[in-house]
Protein chains: 2
Amino acid sequence: MSHPHPDLKPPGPLAPGALRIVPLGGLGEVGRNMAVLEFEGRLLVIDCGVLFPEDHQPGVDLILPDFGYLEDRMDQVEAIVLTHGHEDHIGAVPYLLRLRKDIPLIGSKLSLAFVAAKLKEHRIKPVLREVSEGQRRTFGVFDLEFVAVNHSIPDALAVAVRTPAGMVLHTGDFKMDQLPLDSRITDLRAFARLGEEGVDLFMTDSTNAEVPGFTTSERDIGPVLDSVFAQAEGRIVVASFSSHVHRVQQVLDAADAHGRRVALVGRSMVRNMTIASELGYLNVPDGVLIDVKKIDDLPEDRMVLMCTGSQGEPMAALSRIANRDHRVSVGPGDTVILASSLIPGNENAVFRIINGLIRLGAKVVHQANARVHVSGHASAGELLYCYNIVRPKNVMPVHGEVRHLVANGALAVKTGVPPERVVLAEDGVVVDLVDGKAKIAGAVPCGYIYVDGSSVGGVTEAELKDRRILGEEGFISIFVVVDSSSGEVVAGPELHVRGVAEGEDKLAAIVPEITKALTEAAAGGNADTHQLQQVVRRVVGRFASSKLKRRPMIIPVVVES
Amino acid sequence: MSHPHPDLKPPGPLAPGALRIVPLGGLGEVGRNMAVLEFEGRLLVIDCGVLFPEDHQPGVDLILPDFGYLEDRMDQVEAIVLTHGHEDHIGAVPYLLRLRKDIPLIGSKLSLAFVAAKLKEHRIKPVLREVSEGQRRTFGVFDLEFVAVNHSIPDALAVAVRTPAGMVLHTGDFKMDQLPLDSRITDLRAFARLGEEGVDLFMTDSTNAEVPGFTTSERDIGPVLDSVFAQAEGRIVVASFSSHVHRVQQVLDAADAHGRRVALVGRSMVRNMTIASELGYLNVPDGVLIDVKKIDDLPEDRMVLMCTGSQGEPMAALSRIANRDHRVSVGPGDTVILASSLIPGNENAVFRIINGLIRLGAKVVHQANARVHVSGHASAGELLYCYNIVRPKNVMPVHGEVRHLVANGALAVKTGVPPERVVLAEDGVVVDLVDGKAKIAGAVPCGYIYVDGSSVGGVTEAELKDRRILGEEGFISIFVVVDSSSGEVVAGPELHVRGVAEGEDKLAAIVPEITKALTEAAAGGNADTHQLQQVVRRVVGRFASSKLKRRPMIIPVVVES
């Protein structure tokens, strides 16, 4: 397998008749999935999602793919294919459309409905091109065929992209549940047919490539929910992802079977389930839904709250219920189900909520003690099936951290794909398909683009570093006014201290020391405000390091008056 | 089971002849374990450990048990029993001894050696009282018997405390490996004998109470390590906990069997293994250890690096190796083994390292893909054995979050302990053993005591909140000098901005606005500096919220000159 070289140079011009693939996100992380295909100067975008920040990116709202590569070429973009309606595949569309509003968005009915709702919030009216499985459509130089795939959201599509350079099959996110709730399975017959025609490059979901065996069927959760509902004496609260239509379907069905009514809670939950229900993806049993405002009219053993917040989000309903800060209270006899995965990094927040609910006396059912969640991605066993059915000529693992991409590539090799035909690329690494062979051709800049309040791309690593220092150490600012001619201190030093342990008290002691140091510096003559600021920084820094044993940020301000 | 009431009052005086138990840490969290037993005005402390902070406690170095309950009663403390040498059981001893240096420390040979090494760094010369399994010793009113238990560090002890009020059996941390490396099993014959005599209160380790079945034997890791070593072509790097003597033993044995030599890396690893080896707990095969400085003299396939950093600690060797910032480099053909658990909250940091190592071409073996770690705690199956052997009259689950304590209590009930005899207490909840019955008697204040640089207990929740705001949002400080009589702005406004996206650029626009607002306020007459500061805060706050869509900390400073 060819590993990307860390010191890749920008690629040369694309050979005539060749296809170029540039991943701008999702290869090296779980999220912000986006790939750009180029043929004869025209560009096709596949997915355009967001990534959620980790602890070392404090305060950041969202992370976008790096559109830098596209910025000067927006007029060449033929269309954006959206494989499904998850945030990590559609969330960055509003930001890309800011660069050019009229790019057609191609996707299934549900995917387009989800992205349209999102764009409406951004006040963008998109150009939508609905497609469905089995259809073949030409967009400029790109001949697209759509294939049904099964995932943790309905109506997901894989896409085969035919150009004279060869055929690329991109799976999007998928799994191979053989008995899905909507009977819409991943279309392996289509995969086989495309494979027989010849898949030159197979871009396939790596998320679960490290997981041995097969992903459990969504349907297997049903009996577990049923048994939990049967035993529940009081209120039932279920938390899950707001786009997981089939999970919500199973909750509605269990509620209906046990004579309970369900209130949907959380803006995204209500919005998405309204869309899914209107479009026929969610079958709401007669009378089972109830407005949350009316939930108090029901006896405790007749209600279900279906809410968001399964990842420990502090403002979501589940967290507020655990903190007794919600209109619905839970206590002994009540049951809370976290019908969701535990995304790495969220463990402490989620367990804080679980502990809070248990402390209140509730029974808490979650994936560690019952099968109330299954993954949305194909495990290693299923990926092997795929490789054996498609028999691709070249493989490019997508969607995942390096460990996932490498594990996925290893699976391809096990099925007989030559190691040199497996391309391990990370974000920004350019892959050219020339004469039926995929090869790394170089790399383009591909950084993290942070959305932070109204700023898109304005947060730099320097600001994140400042935030990390401020968050860990706090700061001390020292304000002094000196006479512009004599250099004498005429006001201050005034100290402001935040986030420093015992800062105010301990630091009072150094005010005279600062004045003394400034007076001495001024007496030496010719000290400008910049030099005086350095004097202040030195005195305060030395004190913090020796007496406080900390390194707070120090902001000395010396002003002349 | 009796849940602690959230509104507990301070307990009344202890009934004559009764025993009081006050947990000051470890009940409601994994860490800072500490319990105080009181009989006839005398106090016995069991363990005194630290807790490591979570994300919502930024910058904090350590968290201590709350000694407030003891502060005025230090002369009544008879002794501190240390059940074993882990940081979460001994780490806070130096801070408690600051209050009174001559309290005897009771523990096994290895536990005392570890705590003595720690105290030496704090320049404290402790009073040590070595004990071993099977011994019975009287300390004042407390008659102590020590029982061997097996854990992830050698020489761990349970302690039976006899007073006329009854017998308490405290397990410390333990598991029931039936074939441990040192053949020193948890002494169930002693548990049985004590049970026959009558255990009035059983305080037992809850850490793994939620885990069904039995904890795998440490010995089972041996063949896995052997097979990884056999396949390794190049360098081998193993990361684990620096106190896990038996884990290191198995690495030394595997290295010896495969003709490799081992360099210990990391201050705590070297210190602990030197102690363990000198005291005979670690058997170093002849010539297998080598100084890390000489490791470059060895061929790659003859070396093993045994290091710390398995939890993703950024300054430890493993992280630096992954970032190519260490004298030892790894690449294709090399093998890295994380022979450790993944402590919740550390996932992102650990996976960043794993991805970094895989990117460099190394093979990474960790608990998700091979059995290279087993837990140090008894699972539910083993706890059931314990309850059935001991048949305690009362049970008080210790060591764990609420979910662990509740699960442990439920196990006791399953074996026939009456639910009303299972006391679920959290930190600070006072439990009295009166006439053979354990009951919650009230609660004492028990907060988090933060160690932060030189400050112990100086960091308040207010400062942590400031740090969280600063870390997420950054700050804007505005300095202005106004004329003391006219109120006219004579210097500034000078803005200092840190951690705010595009802060400097965007905020330049509001400088005239601030001046204008100040001038208007001054013209109104009688505006003091405090009021002028409010004016500045309002202008800047409004701008940040409407234009930046953020809420940075705002520090207005108006000084008169």
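Numbers at a glance
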{"read-out": "Selected residue (criterion: nearest to the other protein chains (Cβ to nearest Cβ)) from residues of region B:409-435 that are open to solvent by 20 Å² or more (accessible area, probe 1.4 Å) and assigned to a loop (DSSP other than H, G, I, E, B)", "value": "B:426"}
{"read-out": "Residue within region A:132-140 that is aromatic (Phe, Trp, Tyr), under 23 Å from the mean Cα position of the chain (by Cα) and assigned by TED's automatic domain parsing to the domain that holds residue A:197 present", "value": "no"}
{"read-out": "Residue count for region B:113-152, restricted to those that are within 23 Å of residue B:247 (Cβ to Cβ) and of a type in the set (Val, Ile, Thr)", "value": "2"}
{"read-out": "Considering residues of region A:307-353 that are away from chain B (no Cβ under 14 Å) and among the polar types (S, T, N, Q) only, the residue farthest from the chain's Cα centre (by Cα)", "value": "A:335"}
{"read-out": "Hits in region A:100-120 - residues which are assigned to a loop (DSSP other than H, G, I, E, B) and either open to solvent by less than 50 Å² (accessible area, probe 1.4 Å) or out of contact with any strand residue (DSSP E or B) (no Cβ under 9 Å at 6 or more places or on another chain) (or both)", "value": "A:103, A:108"}
{"read-out": "Count - residues of region B:139-161 that are of a type outside the set (Gly, Ala, Ser) and more than 28 Å from residue B:183 (Cα to Cα)", "value": "3"}
{"read-out": "Qualifying position, being more than 12 Å from every other protein chain (Cβ to nearest Cβ) and surrounded by fewer than 18 Cβ atoms within 10 Å (Cβ to Cβ), among B:438, B:508", "value": "B:508"}
{"read-out": "Meets criteria (open to solvent by less than 50 Å² (accessible area, probe 1.4 Å), under 30 Å from residue B:312 (Cα atoms) and touching a His at 6+ places or on another chain (Cβ under 8 Å)) for residue B:94", "value": "yes"}
{"read-out": "Filtered residue count, region B:158-206, keeping only those that are open to solvent by less than 10 Å² (accessible area, probe 1.4 Å) and aliphatic (A, V, I, L, M)", "value": "12"}
{"read-out": "Selection status of residue B:123, touching an Asp or Glu at 6+ places or on another chain (Cβ under 7 Å), open to solvent by 60 Å² or more (accessible area, probe 1.4 Å) and not hydrophobic (A, V, I, L, M, F, W, C)", "value": "no"}
{"read-out": "Residue within region B:121-131 that is assigned to a loop (DSSP other than H, G, I, E, B), closer than 22 Å to residue B:192 by Cα and of a type in the set (Val, Ile, Thr) present", "value": "yes"}
{"read-out": "Members of region A:23-56 that are of a type outside the set (A, V, I, L, M, F, W, C), in a loop (DSSP other than H, G, I, E, B) and either surrounded by fewer than 20 Cβ atoms within 10 Å (Cβ to Cβ) or without any contact (Cβ under 8 Å) to a residue 40 or more places away in the chain (or both)", "value": "A:40, A:41, A:54, A:55, A:56"}
{"read-out": "Single match in A:93, A:45 (criterion: in contact with a strand residue (DSSP E or B) (Cβ under 6 Å, 6 or more places away or on another chain) and more than 14 Å from chain B (Cβ to nearest Cβ))", "value": "A:45"}
{"read-out": "Wholly within region A:297-405, strands (runs of 3 or more DSSP E) carrying at least 3 residues that are in contact with a Pro (Cβ under 9 Å, 6 or more places away or on another chain) and assigned by TED's automatic domain parsing to the domain that holds residue A:435", "value": "none"}
{"read-out": "Test: residue A:63 is surrounded by 24 or more Cβ atoms within 10 Å (Cβ to Cβ), within 14 Å of the chain's Cα centre (by Cα), assigned to a strand (DSSP E or B) and assigned by TED's automatic domain parsing to the domain that holds residue A:147", "value": "yes"}
{"read-out": "Residue ID - nearest to the other protein chains (Cβ to nearest Cβ), chosen from residues in region B:552-561 that are β-branched (Val, Ile, Thr) and in contact with a Lys or Arg (Cβ under 8 Å, 6 or more places away or on another chain)", "value": "B:555"}
{"read-out": "Residue in region A:380-401 that is farthest from the chain's Cα centre (by Cα), counting only those that are open to solvent by 10 Å² or more (accessible area, probe 1.4 Å) and within 14 Å of chain B (Cβ to nearest Cβ)", "value": "A:380"}
{"read-out": "Subset of region A:354-379 (residues that are within 11 Å of chain B (Cβ to nearest Cβ) and either among the small types (Gly, Ala, Ser) or open to solvent by less than 10 Å² (accessible area, probe 1.4 Å) (or both))", "value": "A:354, A:356, A:357, A:361, A:362, A:368"}
{"read-out": "Residue list for region A:88-99, restricted to those being over 25 Å from residue A:174 (Cα atoms) and assigned to a loop (DSSP other than H, G, I, E, B)", "value": "A:98, A:99"}
{"read-out": "Residue match in region B:513-527 (condition: among the basic types (Lys, Arg), within 7 Å of chain A (Cβ to nearest Cβ) and either open to solvent by 60 Å² or more (accessible area, probe 1.4 Å) or touching a Pro at 6+ places or on another chain (Cβ under 8 Å) (or both))", "value": "no"}
{"read-out": "Qualifying positions in region A:441-464 - open to solvent by less than 10 Å² (accessible area, probe 1.4 Å), under 19 Å from the mean Cα position of the chain (by Cα), more than 7 Å from chain B (Cβ to nearest Cβ) and not hydroxyl-bearing (Ser, Thr, Tyr)", "value": "A:451, A:464"}
{"read-out": "Residue B:268, sole failed condition from (1) of a type outside the set (Lys, Arg); (2) assigned to a loop (DSSP other than H, G, I, E, B); (3) modelled with pLDDT under 95", "value": "(2)"}
{"read-out": "Some residue of region A:224-235 being within 16 Å of residue A:152 (Cβ to Cβ) and open to solvent by 10 Å² or more (accessible area, probe 1.4 Å)", "value": "no"}
{"read-out": "Residue in region B:528-551 that is surrounded by the most Cβ atoms within 10 Å (Cβ to Cβ), counting only those that are over 19 Å from residue A:495 (Cα atoms), touching a residue at least 40 places away in the same chain (Cβ under 8 Å) and within 14 Å of chain A (Cβ to nearest Cβ)", "value": "B:544"}
{"read-out": "Subset of region A:465-498 (residues that are surrounded by fewer than 22 Cβ atoms within 10 Å (Cβ to Cβ), within 7 Å of chain B (Cβ to nearest Cβ) and at pLDDT below 85)", "value": "A:490, A:491"}
{"read-out": "Pair list, Cβ under 7 Å, 6 or more apart: region A:453-482 residue touching a residue at least 60 places away in the same chain (Cβ under 8 Å), other residue assigned to a strand (DSSP E or B) and small (Gly, Ala, Ser)", "value": "A:477/B:477; A:479/A:492; A:480/A:492; A:481/A:491; A:481/A:492; A:481/B:491"}
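The values are calculated or read from the model by the stated rules, or taken from the named source; none is laboratory data. In this text the structure is predicted, and so the values were computed from the model without any measurement. Ideal geometry is used to build each Cβ from the backbone, glycine not excepted, and the neighbour counts take in all protein chains shown. When the accessible area is computed, the model is the full protein with side chains, heavy atoms only, and any ligands, DNA or RNA have been set aside. Shrake-Rupley method; radii C 1.70, N 1.55, O 1.52, S 1.80 Å.
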